[in-house]
Amino acid sequence: MKYISITTPALEEAPDLKALKNEYKTARKVGRIALGTEHLFSKKWLTVKYVQYKEIYRVFRRVECVDMKMCCANGQLQLENIVLCNKKEELIQIDLPGLKAAEAVIEEIKKNNPDVKIGIKKS
């Protein structure tokens, strides 16, 4: 993963950084993820992380079950995450609002990188 600052003034930037920012601004947003034409972006606070689709070797959903207590009963809350990996390591884990968002992101990655391996890990 690489980082870009979305608060740096445009006059001080290299031309490729300007192109990245323009791609980020026009990208389709799904939760904290922005799906660009060549890059996948993840925003947290004022920092944006990005990775090229062709750098992603494996992607999977990580579903975490969290016990919760309410006034009248107990239950489990499922937290949806998507994990992006290269050939050596996990690059990033990004939390998403739900299953539909995770499926939409995986479909977009598959469309832009047909060789990516897709899976699910439930913990």
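Read the figures in this text as sums done on the coordinates, not as results from a lab. Being a predicted model, the structure only gives us computed values, none of them experimental. Every residue, glycine as well, gets a Cβ built from its backbone with ideal geometry; the counts of neighbours run over all protein chains shown.
Of note:
- Spin-label pair residue 66/residue 38, simplified geometry with 7 Å Cα→Cβ offset, distance in nm: 3.7
- Inter-site label distance for residue 99 and residue 55 at 7 Å from Cα along Cβ, in nm: 3.2
- Relative intensity, log₁₀ I(q)/I(0), of segment 40-123 from a Debye sum that treats every alpha carbon as a point, q = 0.23, 0.25 Å⁻¹: -1.13, -1.28
- Rounded to the nearest 0.05, the FRET efficiency derived from the C-beta distance between residue 90 and residue 22 at R0 = 25 Å is 0.30.
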